[in-house]
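Worksheet for the structure shown next.
Here, each number is a calculation from the coordinates, and none is a lab measurement. What you see is a predicted model, and the numbers here were worked out from it, not measured in a lab. Note that each Cβ is placed from the backbone with ideal geometry, even for glycine, and that neighbours are counted across all protein chains shown.
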Amino acid sequence: MNLNDEPRGLRNNNPLNIRHGRSRWQGTDPEKTDKEFVCYMSKAYGYRAAWKLLRTYHVELQKHRDTFCLHNILMRWAPPSDGNNTEAYLRRVMMLTGIGGYQILPAPDAPDGYQKLLPVIIAMTCVENGIKPEEVPVSAILKGYKLAFPK
């Protein structure tokens, strides 16, 4: 796939399309600009941010005694209030992963977090970029995880 043919999220090295906000992300690319979405120096840094956001969601959901599950993750990641079809997004991720919408997931930085959440990150990358699972840069997801949670 030619770089110019890549979906916006992949061109921006931001495979999960993280929007600009208050966070000052590690690995942002000062050479690239996008008014809506953060641009990273590599896909690994884009995935690092995604892993960190999932960790934040886990902490916040636990604080409010809510379940860390696909439904609650995606209601925050792609809320209907932003014009997203969150239910369709959820159905697609459930279909791609085989994980139920309310199945409790581990924290991203838990011992089994990477293994259990890798299919979720792959599925979200597919939905966000309109690509097939075999087109997802899995090695960048692993690098991003190591950047997010060095041990």
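Here is how the numbers come out for the structure above:
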item: Largest-first principal axis extents of the Cα set of the range 1-110 (Å); result: 41, 27, 27
item: For the range 3-148, size of Cβ-based charge dipole, Lys and Arg +1, Asp and Glu -1, in debye; result: 360 debye
item: Among A44, A88, A107, residue whose mean-square fluctuation peaks in a GNM of the chain (springs only between Cα atoms under 10 Å); result: A88
item: FRET efficiency, Q26 to T67 (Cβ-Cβ, R0 22 Å, nearest 0.05); result: 0.15
item: FRET efficiency for L118 and T33, using Cβ-Cβ distance with R0 set to 30 Å, rounded to 0.05; result: 0.50
item: Charge context of G101, other residues only, Cβ under 12 angstrom, K/R +1, D/E -1; result: +1
item: Positive minus negative residues near E6 (Lys, Arg vs Asp, Glu; Cβ under 11 Å); result: +1
item: Cα-Cα over 25 Å, subset of K63/K132; K116/K151; K35/K151; K32/K52; K32/K63; result: K63/K132; K35/K151; K32/K63
item: Distance between the range 65-87 and the range 105-135 - C-alpha centres, whole angstrom; result: 15 Å
item: Directionally averaged shadow of the range 1-54, computed from the convex hull of its alpha-carbon atoms, nm²; result: 3.6 nm²
item: With Cα atoms, 0 to 90° folded angle of helix 86-97 axis to the chain main axis; result: 90 degrees
